[in-house]
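Notes follow the structure.
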């Protein structure tokens, strides 16, 4: 059985929060942003932004680098691609299952 850390659950749990999704959106242009820049206009403290970023970091969705005294965050698009691939696999399985169910129902006497 796969560990939770290795499964998509951690990634989807990180994405399951509106604030974290907003932070992902702010990073989606590929640029680097500081905690101050990412928190600009949000109704939460810098410490709260930092905690949300830690969750995203733990899920592999963002990367943290240091530039002088400033900590910058960037989106890790390959993690989103992994999530998309997982969703595509699930979709494919469901399409197959639904197709077999449809055939079964239509071929009943």
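A few remarks follow.
Residue by residue, here is whether (1) free of Cβ contacts under 8 Å to residues at least 24 places away in the same chain; (2) out of contact with any strand residue (DSSP E or B) (no Cβ under 6 Å at 6 or more places or on another chain); (3) over 17 Å from residue 84 (Cα atoms) holds:
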{"position": "9", "(1), (2), (3)": "yes, yes, no"}
{"position": "13", "(1), (2), (3)": "no, yes, no"}
{"position": "25", "(1), (2), (3)": "yes, yes, no"}
{"position": "39", "(1), (2), (3)": "yes, yes, yes"}
{"position": "46", "(1), (2), (3)": "yes, yes, yes"}
{"position": "52", "(1), (2), (3)": "no, yes, yes"}
{"position": "73", "(1), (2), (3)": "no, no, yes"}
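- The residues listed here are 106, 95, 32; of these, the one that is exposed (fewer than 10 other Cβ atoms within 10 Å of the Cβ), more than 24 Å from residue 16 (Cβ to Cβ) and either at pLDDT below 95 or touching a strand residue (DSSP E or B) at 6+ places or on another chain (Cβ under 6 Å) (or both) is 106.
- Pick from segment 54-70, criterion in a strand (DSSP E or B) and touching a strand residue (DSSP E or B) at 6+ places or on another chain (Cβ under 6 Å), ranking: nearest to residue 25 (Cα to Cα): 62
- From 39, 25, 68, residue being exposed (fewer than 11 other Cβ atoms within 10 Å of the Cβ), farther than 13 Å from residue 11 by Cα, at pLDDT 90 or above and within 20 Å of the chain's Cα centre (by Cα): 25
The values are calculated or read from the model by the stated rules, or taken from the named source; none is laboratory data. Computed from a predicted model, the values in this text were never measured in an experiment. A quick note on method: Cβ atoms are made from the backbone with ideal geometry, for glycine too, and the neighbour counts reach across all protein chains shown.
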